[in-house]
Structures are given as C-alpha cells and as structure tokens.
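The values are calculated or read from the model by the stated rules, or taken from the named source; none is laboratory data. Treat the numbers as computed from the prediction; the structure is a model and nothing was measured. Cβ coordinates were reconstructed from backbone atoms using ideal geometry, including for glycine residues, and neighbour counts include every protein chain displayed.
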Amino acid sequence: MLWNSSVMRMSAALLFAACASGDNGGTTPVDSGGETNNPPTTPGTPGQVLADRSPTPASTRGVVRSEVVATGLVNPWAIEFLPDGRALVTERPGRLRIMAANGTLSSPVSGVPTVYAEGQGGLLDVAIDPAFAQNQRIYLSFAEPGSGGAGTAVARARLTETGLQDVQVIYRQEPKLNGGGHYGSRIVFARDGNLFVTQGDRMNWRDYAQQLNRGQGKIMRIAPDGSVPADNPFRSQSDARPEIWSYGHRNVQSAALHPTTGQLWTVEHGARGGDELNHPERGKNYGWPVITYGVDYSGARIGEGTAKDGLEQPVYYWDPVIAPSGMVFYTANAIPGWNGSVLIGSLTPGALVRLELTNGRVTKEERYLGELGERIRDVTVGPDGFVYVVTDSGTGRVLRIRPV
Ligand SMILES: [Ca+2]
C-alpha cells in the first residue's frame, strides 16, 4: 500500500485519536510520526503468508440505521437474547438486567458475584446455556477480586424469577494480579458443549502470555461444570495450566463460533496498530508479545517483529486499530447482503465493522454508524433478525440496527 504525505498525516491524526480512548491500555499516546502506517518491514519466514491488513474503510452511510431500544445503562458490556425473546444485559459496574422485548429494563438481578469494577474490570460477558429452556443456566465472566489483586473468572448460575440461584465459580484465572487492564473476556459455547473463555494479558504482564503456567494471555477451554476436557492440549503437561486452548494473546474481547465450520474466531486488541482477527486452534501460539503488527504507544518496537517460525499469523490486522469488542456471525436475512458476514463492535473510532470471509480470508470490510460517535461494546442478533448493539458510556444504550 502506498501512502502520500497527506494521507500519512490524516492517518496519524486518526491513529492519535483512536489510541486516546480505545481499550488498548490507557497510556497517553505519543504521536510517533505515523510510521506505524507503513506496511510491515520485518521479513517473514520464506514462504510464510503474512497477514492481510485492513484498508481502513470510512464509515458508510445509507445502508443501515439505528433506533434506540433501551437507555440508562452504565457501561453495558454484553447483550444476549434468551429463547423467550427477552435479553440479558450486563453493566460493567456489576449489574445484570433483563430487557423485555419492548426494551423495558428490569431492576438488577440479585446474586451476581462481587466484581472488581476498576479500569476495564467488572462484570463482563454473559452466555446462555444451549439447553437454557431445560436448565435455566447462564454463565458470567467478570474480574474477580482476591488475594494478589483480581483475575478473570467465570460463574454459572440458574436464572430464576427471584434472581440467580446455585451460583458457582467454575473458572479462575491464576495468578490474580493488580490493576484494571486487559481482562478480556468473552464466553463462547463450542459445538461439543465445552466453553471457550477469552482473556487478556493483564496489560503490565505481557510476557505471561507466553508462559503456560500462568492464566494471562490465554484462551481457555472448560466444560460447563468447570472441569477440564480430556483432550485439552496441555492437560498432561505438569507445568502448564490444563484449561489452556491457545496462547500468546493480548486482550480478546470479541469471540464467536463460525456457523459453517464450528471454529472459534476471535478479534483481539493489539497495541498501537496491532488489532488482530484470528481463529485460535488447539495448542497454538498466537505470538504476543514476541510477534505483533503493533508498536508501543511510545512508538517503541515490541518483540522481534511481525513473523516467526512456530508462531501463528493473524488472518487480518487493523492499523490504525478499531479497538474491537463484541462479535457475531450474521446468519439471518433481515439485513440484505449480510448473511455470512462477521460483525464486530469498534470502540474507537466507534463503528459496526462488517467483514466478508472467503475460504478463511477477509475479502471485504465495511463500517457503519460512525456518525453516531458511540463506542460499540457488544453486538448480537435478535430473534427478529436485526442486529443489536450496546454502547459503552455512562449513558449507555441498546440500539437496534436495521436496513435503511
Ligand atoms: Ca498474534
């Protein structure tokens, strides 16, 4: 990709703005002259296919519009629809609410575990058991306070008319660490009934992402009761956490199951210029912080470059970043032309990002709703086939996205 100087200046300005309010660490960015807008210069291993880079399309108007479904939410983090058409919405400070089909929000559901609501920590994702109609089970991920600081955790519970019952923490990231950064997290049910739990490196401990005896920077795979599946890759390795599915991740806040292949797909927050689309596979190393397309907010290089033998390349990366949170494969028909697309929330610059995939590669990216100026934290599809998002602010909303 060629860049003339005016594009460079514009992109550098956009990048500066993007870093200021993304979920990429909270460090005050330093304008380093736009060098991160150059294509990667570190040579890859001969024959290795380097990742495709987002062309950074402008937000497109005239395709979809948004309408307000619910207001008055404080930093809503996740939205999932129940089989009866109601939806569960989490608020990061530690509240779970039920949203009726008409958008009315319930008072907070009782029984939510105590959360560490600082920085990026708090109540995070919610997942609904595929057999919810029979067992009423839901799963919550959250930053759990405890000895040493806090860590990503997952609880399951039964959702009853009187609140959560039989609340049980089924996973705890170890060790717990101080600080409010990089908890992840999303919970995704695989077709085999196990749960993927995405996490982050806890920001100040990036090297832990490469250490198999630490929970940070890993995607975990657990059974719904918290036990470790027999075929997890490091289960028999004495110095490794048995829950690990894949490692070398920075901060994964977007995850979804591919509707055709059943593969896990994720998007993770990179450093400046290093957001990544991956489909994490069993036992593989996704590189952070040894390889990355991003640089530190100071402009300093991170790790060894963009490619290395034995480390996985992302499918696609964003430079400038999108600050990704929330992800769904759209398999409905209510929005023409979107069936089969990947939808991703962008916190910064703030948009709904749509990708088309062909044979595992991104063949098209479009963005929408940039004119709202909202941080989109999560995205899902309603029973009506329309897209629902939650916006991340102290006056957060649920928006319904439909064709113009
Ligand atoms: Ca990577």
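Key figures
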read-out	value
Yes/no for residue 261 being of a type in the set (S, T, N, Q) and touching a strand residue (DSSP E or B) at 6+ places or on another chain (Cβ under 9 Å)	no
Of all residues making up the range 186-204, the number that are touching a Pro at 6+ places or on another chain (Cβ under 9 Å) and farther than 14 Å from residue 268 by Cβ	5
Only one of 324, 349, 289 that is closer than 28 Å to residue 76 by Cβ and either at pLDDT below 95 or within 16 Å of the ligand (Cβ to nearest atom) (or both)	324
The range 91-134, residues that are in contact with an Asp or Glu (Cβ under 7 Å, 6 or more places away or on another chain) and among the hydroxyl-bearing types (Ser, Thr, Tyr)	116
Of the criteria (1) surrounded by 17 or more Cβ atoms within 10 Å (Cβ to Cβ); (2) basic (Lys, Arg); (3) farther than 26 Å from residue 390 by Cβ, which one residue 202 fails	(3)
Which listed residue, of 297, 247, 330, is within 12 Å of the ligand (Cβ to nearest atom), hydroxyl-bearing (Ser, Thr, Tyr) and touching a residue at least 24 places away in the same chain (Cβ under 8 Å)	247
Search result, residues across the range 80-114 that are within 19 Å of residue 394 (Cα to Cα) and touching a Phe, Trp or Tyr at 6+ places or on another chain (Cβ under 6 Å)	90, 92
Test result for residue 370, more than 15 Å from the ligand (Cβ to nearest atom) and touching a Pro at 6+ places or on another chain (Cβ under 7 Å)	yes
Check on residue 397, farther than 25 Å from residue 278 by Cβ, crowded, with 17+ Cβ neighbours inside 10 Å and at pLDDT 95 or above	yes
Test result for residue 209, among the aliphatic types (A, V, I, L, M) and surrounded by fewer than 21 Cβ atoms within 10 Å (Cβ to Cβ)	no
Restricting the range 273-286 to residues that are more than 8 Å from the ligand (Cβ to nearest atom) and closer than 27 Å to residue 381 by Cβ, the residue that is surrounded by the most Cβ atoms within 10 Å (Cβ to Cβ)	275
Unique match (being in a loop (DSSP other than H, G, I, E, B) and within 16 Å of the ligand (Cβ to nearest atom)) among 215, 270, 262	270
In the range 78-117, the residues that are over 15 Å from residue 388 (Cβ atoms) and surrounded by 17 or more Cβ atoms within 10 Å (Cβ to Cβ)	91, 92, 94, 95, 96, 109, 111, 112, 113, 115, 116, 117
Leading residue by the ranking (surrounded by the fewest Cβ atoms within 10 Å (Cβ to Cβ)) among those in the range 138-152 that are over 19 Å from residue 256 (Cα atoms) and not hydroxyl-bearing (Ser, Thr, Tyr)	148
Contacts under 8 angstrom Cβ, first residue in the range 267-281 being without any contact (Cβ under 8 Å) to a residue 40 or more places away in the chain, partner surrounded by fewer than 24 Cβ atoms within 10 Å (Cβ to Cβ) and in a loop (DSSP other than H, G, I, E, B), 6 or more apart	278/312; 278/315; 281/263; 281/312
Failed criterion for residue 250 (all others in (1) surrounded by fewer than 24 Cβ atoms within 10 Å (Cβ to Cβ); (2) in contact with a His (Cβ under 7 Å, 6 or more places away or on another chain) hold)	(1)
From 219, 170, residue being β-branched (Val, Ile, Thr) and within 20 Å of the chain's Cα centre (by Cα)	219
